[in-house]
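Okay, structure first, notes after.
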Amino acid sequence: MAGSLGLNQRFAESVKKLVGEEKWQEFRTSKSFFRAERSFEQEVKKAFNGRDGEEYYINFPMAKLADNPEAGLEADCWALTR
């Protein structure tokens with residue numbers, strides 16, 4: 001259980017880095033983040049097997065985040081790759 005909670009914290013820290021400190025303060029309590037966090041918990045963590053080349057997508061519905069293709073964020077969708 002502690003490992004699972006640690007992954008959730010690392011996910012939140014990664015999202016904070018992705019959106020920036022200023023945006024994070026508001027974003028962390030939004031429905032968009034709640035849905036993304038739930039998707040990470042219920043889908044990505046369960047499907048992850050540690051193989052190189054894995055790719056997962058986290059959607060931030062209606063978040064209106066600025067695209068950052070270098071970080072894998074486009075159109076409120078974040079591509080996570082291993």
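The values are calculated or read from the model by the stated rules, or taken from the named source; none is laboratory data. Predicted model, so just to flag it, every value in this text is computed and none were measured. As a convention, Cβ positions derive from the backbone with ideal geometry for all residues, glycine included, and neighbour counts pool all protein chains shown.
Table for the structure above
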quantity	calculated
Count of region 28-57 residues which are among the aromatic types (Phe, Trp, Tyr) and more than 12 Å from the chain's Cα centre (by Cα)	1
Meets criteria (of a type in the set (Val, Ile, Thr), out of contact with any Ser or Thr (no Cβ under 9 Å at 6 or more places or on another chain) and modelled with pLDDT under 95) for VAL15	no
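Quick grid of which residues meet (1) farther than 14 Å from LEU7 by Cβ; (2) out of contact with any strand residue (DSSP E or B) (no Cβ under 9 Å at 6 or more places or on another chain); (3) among the hydroxyl-bearing types (Ser, Thr, Tyr):
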{"position": "LYS23", "(1), (2), (3)": "yes, yes, no"}
{"position": "GLU26", "(1), (2), (3)": "yes, yes, no"}
{"position": "ALA47", "(1), (2), (3)": "no, no, no"}
{"position": "PHE60", "(1), (2), (3)": "yes, no, no"}
{"position": "ALA63", "(1), (2), (3)": "yes, yes, no"}
{"position": "ALA66", "(1), (2), (3)": "yes, no, no"}
{"position": "GLU74", "(1), (2), (3)": "yes, no, no"}
{"position": "THR81", "(1), (2), (3)": "yes, no, yes"}
